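Before I ask anything, here is the structure I am working with.
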Amino acid sequence: MKTLEDLKTARYVGVQNATTGHIVAQNLLGKTSPKIKSYESMPLAIQDLLGGGSDAVIADNAVVMEYAKNNPKVKLRYFDDPSFEKECYGIMVRKGNQELLEKIDAAIEKAKTTGVIREIFGADVDEGACK
């Protein structure tokens, strides 16, 4: 499988419940398609894939790439289809919790300057794309 459309030929596609991957699968295969296997967590979906219960899993790039990096002996192939919507993530803290906000901001800045963001996502994060 090399594209999102190829997933139409899969026996089963694993997703995590109530995620954008789940929505993508529903839009592609039908909202109540019996081909969609939804799980409470992405590790459960991945385990099902590895056990042969699913032919593919739809997940966030960072999750898939981190799994592949941490499990180099597992033979998986992943792709980023151009039809996937790009997503933005945020971190919320309780209003007035300036100390925690400053710690989070410092950690993000350190992750950028040390190349951790590039390592995880395969590229620098375009902050302007989500505003």
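Where a number appears in this text, it was derived from the coordinates with a stated rule and is not lab data. Everything numeric in this text was worked out from a predicted model, so none of it was measured. Cβ coordinates were reconstructed from backbone atoms using ideal geometry, including for glycine residues, and neighbour counts include every protein chain displayed.
Roughly how many Å is it from the Cα centre of segment 1-24 to that of segment 37-54, as a whole number?
Measuring centre to centre over Cα atoms gives 12 Å.
Now for a different question. Taking the Cα centre of the chain as the origin, how large is its charge dipole in debye, to the nearest 20, when only Lys and Arg (+1) and Asp and Glu (-1) carry charge on their Cβ atoms?
Result for the chain is approximately 400 debye, rounded to the nearest 20.
Can I ask one more? Please state the relative contact order of the chain as a whole percent: Cα pairs under 8 Å, 6+ residues apart?
Relative contact order, the chain: 22 percent.
Please give me, ordered by residue number, the chymotrypsin sites (Phe, Trp or Tyr not before Pro) of segment 30-81 that lie in loop per DSSP and have at most 16 other Cβ atoms within 10 Å.
Listed in order of number, the matching sites are 78, 79.
Straight-line reach from residue 73: which lysines have Cα under 22 Å away, leaving out those fewer than 8 places along the same chain?
Cα-Cα hits under 22 Å: 2.
Mind jotting down the three principal axis lengths of segment 5-70 based on Cα atoms? Whole angstrom, largest first.
33, 23, 22
For Cα Rg over 2.2 N^0.38 Å, several values are listed as (1) 1.02; (2) 1.21; (3) 1.08; flag the one computed from this structure.
Label (2) holds the value from this structure.
Per DSSP H run of n ≥ 4, the term is -39500 (n - 2.57); total these for the chain, divide by its residue number, and report the mean residue ellipticity at 222 nm rounded to 500 deg cm²/dmol.
-11500 deg cm²/dmol
Please identify every one of the trypsin sites (Lys or Arg not before Pro) in segment 1-101 that sits in a loop by DSSP and has no more than 13 other beta carbons within 10 Å of its own beta carbon.
2, 11, 31, 73, 75, 77, 86, 94, 95
Once the Cα atoms of helix 61-70 and of the chain are each reduced to a long axis, what angle between those two axes, in degrees from 0 to 90 to the nearest 10, is obtained?
90 degrees
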